[in-house]
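Undergrad: I am attaching a structure below and will ask some questions about it afterwards.
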Amino acid sequence: MFFVRCFSNQRVQKMKFKNLNLRTKQIIGFGIILAIMAGDHMFSIRNMAALKSELDEVSKSWLPRAVAISDININTAKLRSNQLQHVFATNDELKQDQLIRMAELITQIEANRDTYEQLTTQSEEKNLYSEEEANLYAAFDDKLDEYLELSFEFFKLIRDNKNQEAIGLLNGPAKELYNEFSDNLVKLVAVNQRDSFEAAARAEITFNSTYTIMTIVFGGTILLSIFIALGLVRFITVPVRQLEQAAGEVAKGDLEVQLHINSKDEIGRLARSFNQMTISLRNAKQKMQRQAQTLRAQNKQLEKAMRELRETQEQLLMKEKMASLGDLVAGVAHEINNPIGAVNASADVVRRCADKIESEARKNQQLQKTTKILKESAGVILTAGNRIAAIVKSLKNFARLDESEYQKTDIHEGIESSLILMENEFQNRISVVRDYHDIPEIVCYPGQLNQVFLSLLKNATNAIEGSGRISIKTTTENGHVRVEISDTGKGIPRRKLGKIFDFGFSTGDSRVKMSSGLSTAYNIVQKHHGEIKVDSEVGKGTTFSIVLPIK
Amino acid sequence: MKIVIVTLLFLFSLIGGLFSQVAVIAHKSVPVDEIKKTELLDFYSGDIKKWSDGSNVIVKDLKPKGDVKRIFYKFLGKTPSRMKSIWLKSMLSGEGDPPEAMKSEEEMLQKIAATPGAIGFLSHTKVNNNVKTLIVIGKK
C-alpha cells in the first residue's frame, strides 16, 4: 500500500524526502541504519565463513595429507631398507620376520594411501585439489607400480636364491624408481605444506582485510547513523521547536509570527494550520481594534454632544434668565424713569423757588436759614435723582435689550456699565485701575460681551479676599482688540488652569456660582471668533485676556 | 542431407574412440556366464581363489599401459599400484604369486583361451569365440 502510494506520488511529482510522513521518514531512517548493519553482519559472516573454510582445509585436509604422504615416504623407505636387509639375512627366522614386517609396512602404506585419497576426493569436490598435486600423485602411483613389479621379480629371485641378481635389481632399476617416487613424495609434502601456508596466509589476509573493512564499516555505520539521526532530528525536532517558539510568541501576543516549514508531513500540515490560525487571529484582532476605535470615536462624539447639549441647555437657561432680567430691568427702569423725571423736575422747581424766596427774604434771618436748608435739600434730591437716572441708564445699557443684534459697539462703554453694576460689591475694599487706550469700536453682540466682562469682574472680585485691586487694560494689535482684566487675588493652581473653562468647573465653594459663568464667557468669545486665555500664579493673582477681532 | 549424415557418423566414430569398450573374458570352462564388479575384485585381490565348481581361478594382468588397462582398473576401483600392493602382500605372506602380466592383448586372448579357469580382460573388439565374455565395461 505504502509503496503504491509512493509510486503514484512519484508519478505526480518528484518525490522528496521532506514530503514524506513523519512515520515514513523514521521508518526509512532506521531502515537504512538497519540495512547497513545487516549488510555489515552479512559481510562479516561471509568472510568469517571463508576464513573458516580456508582454515578447515588446512587443518582437515592439507596437513593430514602431508602427514599421510610423509608416512608413505617413511614406510616406502623402510620397505626398501627391509628389502635390502632381506638379501643379506642368513637366518630363516629373521627372513620370515622381515617378510611379516614388510607386509605390515605395505598395509600401513595402503592405509595412508586410503587416507590420502579420501582426503583428496573431498578436496576435489571443493575444487581445492590442485592439478599439480594430482599429477605428482599420479606420477608417484605410476612409479610405485613399476617398483612393485620389480619387487615381485626381486622376491622371486630371492626365492630362487639368486641373491646377486636380486641385489643388482634392487640397486639398479629399483633404486632409480625408488628415488623418483621418493622425490615425488617429498614434492607432494612440499606442495601440501606450501598450500597450507598459502591457505594460512590467505586466511590471515582475509582476516586482516575483514578486520580492516569491518572497522571502517563500523566507523562508517556509526557516522552514517549519526548523520541519519541528525537528519531525522533536523526533519522532525527542528520544525517542532520552531512551532513551539512560534506558539510561545503567539501566546505572548505577537500575531505576526509566520512559520516557514514547507514539508508535506504532519508537522508541515500543522505549521500551515498554525499560519492560518495566526492570520485568522490577526484579522479578528484587527477587526476588533477597528470596532474599538469606532466605538471610542463614537463615544467621544457622544460625550461631546452631551457636553454641548448640557452647555446649550445651560446657555438657554442663562439666556432665559438674562431675558427675564432684561425685561425686569427694562420695566423697572421705565417705571423709575417717570417718577425720577418728576422728582428731578420738582427738585429743580423747589430750588428755583428757594432762590426766589431767598432773594425775597434777605432781611429775615430765620427765613434765610430755612431757605438755605431748602436749597441744600433740593440739591441733594437733584444729585440723588441724577444718580438714579445714571443707574437706570446703565441698567438699560447693560441689558441692551433694544440692541440684541450685531452692531458696532464701544468696548469701554460695556466695561464701564459692568463696573457700575459691580460697584456695590467692590465697596471700599477693591480699587479699580483703568488703563484704557484708544481703541476702535468693534462689531459684536454688545449684551453678550457685557456678560463676559461681568463674569470676569465677578470672578476677580471673588478671588480677592479682603482688600485688593482690579486692573483693566485695553489695547489694539493687528486688527484685534485686547482686554486684560487682572486681579490681586489668590490665583488658580496650575494643574487646574486647563479646566477652568470647562462646563461646571469650580475651584471651591466661592466659585460654584461662577462655574457656568466662565464657560459661558468662553463660548461667547468663541462665537465672536476671539480668544480667551488665563494666566495665574497662586498667591499673586490672575489675569484673563480677551482678544477680539475688530471686524 | 548427406553432409549431416557424414557429420553424425564422424561424431559417432569419435565417441566410439573415446569410450572404447573392455571385455572381461574367461576360459570357456568357467562355470559362470557373467560376473559382477565385486566378484571381479574378489578374484583379482585374491580373496576368492576358486570358481563355484572348485576349479582354481587364474587371474591374468595386462602389462602395457593404455586405455584397456586404465578402463579395467577404473572399473575395479583400484589403481594398478594398489592392486600390486595387495599382490605383494599376498606374496610376502606366502599366499601366492601375483598374477601373470601379459605382454599384449593377443597374448591375453591366447592364454585365456588355453588356460582352464583363467580370467582376464582386453578390448571388446578383439574378443573371439575361443573365450567367454563375462562382462563388457564401458558404454556402447
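Readers should treat all values here as calculations from the given coordinates under stated rules, not as data from a laboratory. Given the structure is predicted, the values throughout are model-derived calculations rather than measurements. Please note: Cβ atoms are built from the backbone with ideal geometry, for glycine as well, and neighbour counts cover all protein chains shown.
Undergrad: Can you list the lysines whose alpha carbon is less than 29 Å from that of A:Lys25, not counting same-chain residues fewer than 8 positions off?
TA: Answer for A:Lys25, where 29 Å is the Cα cut-off: A:Lys14, A:Lys16, A:Lys264, listed by chain and number.
Undergrad: Could you give the distance between the Cα centres of region B:17-66 and region A:350-396, to the whole Å?
TA: 206 Å
Undergrad: Take the Cα of B:Glu34, step 7 Å along the line toward its Cβ, and report every residue of region B:97-140 whose backbone nitrogen sits under 12 Å from that point.
TA: Hits in region B:97-140 for B:Glu34 at 12 Å: B:134-136.
Undergrad: How big is the antiparallel share of DSSP beta bridges in the protein assembly as shown, given as a percent to the nearest 5?
TA: Bridges in the protein assembly as shown are about 75 percent antiparallel.
Undergrad: Continuing with this model, one more query. Rounded to the nearest 10 degrees, what's the angle between the helix A:173-252 long axis and the longest principal axis of chain A, both from Cα atoms, 0 to 90?
TA: 10 degrees
Undergrad: Quick check: Cα centre of region A:217-295 to Cα centre of region A:20-40, how many Å?
TA: Each part reduced to its Cα centre gives a spacing of 26 Å.
Undergrad: Based on DSSP loop calls and a cut-off of at most 16 other Cβ atoms within 10 Å, the longest stretch of chain A free of exposed GluC sites (Glu not before Pro) is what?
TA: A:1-255
Undergrad: Can you tell me the dipole magnitude for chain B around its Cα centre, using point charges on the Cβ only (Lys, Arg +1; Asp, Glu -1), in Debye to the nearest 20?
TA: The dipole of chain B has a size of about 500 debye.
Undergrad: What shape does the protein assembly as shown take by its C-alpha gyration tensor, where a ≥ b ≥ c are the square roots of the eigenvalues and a/c under 1.5 counts as rounded, a/b above b/c as prolate, and the rest as oblate?
TA: It is prolate, given that a/c is not under 1.5 and a/b is the larger ratio.
Undergrad: Please arrange A:Arg482, A:Arg241 by how many other C-beta atoms lie within 10 Å of their C-beta, fewest to most.
TA: Ascending number of Cβ neighbours within 10 Å: A:Arg241, A:Arg482.
Undergrad: Continuing with this model, one more query. Enter the angle in degrees (range 0 to 90, nearest 10) between the Cα long axis of helix A:515-527 and the first principal axis of the Cα atoms of chain A, meaning the one along which they spread out most.
TA: For helix A:515-527, the angle is close to 90 degrees.
Undergrad: If each residue's Cβ is checked for other Cβ atoms within 10 Å, how do B:Met108, A:Met318 rank with the fewest at the top?
TA: Ordered by Cβ neighbours within 10 Å, fewest first: A:Met318, B:Met108.
Undergrad: Would you mind calculating the gained length between A:Ser130 and A:Ile388 on full extension (0.36 nm times residue separation, minus the Cα-Cα distance), in nm to one decimal?
TA: The A:Ser130-A:Ile388 span can extend by a further 76.6 nm.
Undergrad: A further question on this structure: Which trypsin sites (Lys or Arg not before Pro) in region A:38-127 pass both tests, a DSSP loop state and at most 14 other beta-carbon atoms within 10 Å?
TA: A:Lys126
Undergrad: Still on this structure: Return the loop-located trypsin sites (Lys or Arg not before Pro) in region A:364-465 (DSSP other than H, G, I, E, B) with at most 16 other Cβ atoms within 10 Å of their own Cβ; answer none if there are none.
TA: A:Arg429
Undergrad: Mind putting a number on the dipole of chain A about its Cα centre? Charges go on the C-beta only, +1 for Lys and Arg and -1 for Asp and Glu, and I need it in Debye to the nearest 20.
TA: Rounded to the nearest 20 debye, it is 6380 debye.
Undergrad: Run down the lysines and flag those whose C-alpha is under 18 Å from the C-alpha of A:Lys369, throwing out any fewer than 8 positions away in its chain.
TA: A:Lys356
Undergrad: Here is a follow-up. Under the definition of Cα pairs under 8 Å and six or more residues apart, what whole-number percent is the relative contact order of chain A?
TA: Answer for chain A is 10 percent.
Undergrad: Counting other beta carbons within 10 Å of each residue's own, what order do A:Met277, B:Met83 fall into, fewest first?
TA: The fewest-first ordering by Cβ neighbours comes to A:Met277, B:Met83.
Undergrad: Okay, next question. With angles folded into 0 to 90 degrees, how steeply does helix B:80-92 sit against the dominant principal axis of chain B? Use alpha carbons for both and round to 10.
TA: The answer is roughly 10 degrees.
Undergrad: Which pairs break 27 Å Cα to Cα here: A:Lys175/B:Lys111; A:Lys78/B:Lys49; A:Lys408/A:Lys533; A:Lys143/B:Lys89; A:Lys304/A:Lys540?
TA: Long pairs (Cα-Cα over 27 Å): A:Lys175/B:Lys111; A:Lys78/B:Lys49; A:Lys304/A:Lys540.
Undergrad: Could I ask something else about it? Roughly speaking, what is the stretch gain from A:Lys408 to A:Glu266, that is 0.36 nm per residue apart minus the C-alpha to C-alpha distance, in nm to one decimal?
TA: The A:Lys408-A:Glu266 span can extend by a further 42.6 nm.
Undergrad: Other chains near A:96-105: what is the mean number of their Cβ atoms within 10 Å of each residue's Cβ?
TA: 3
Undergrad: Would you work out which of B:Ile119, B:Ser20, A:Asn344 lies farthest towards the positive end of the dipole of the protein assembly as shown? Charges go on Cβ: Lys and Arg +1, Asp and Glu -1.
TA: The residue sitting most towards the positive pole is A:Asn344.
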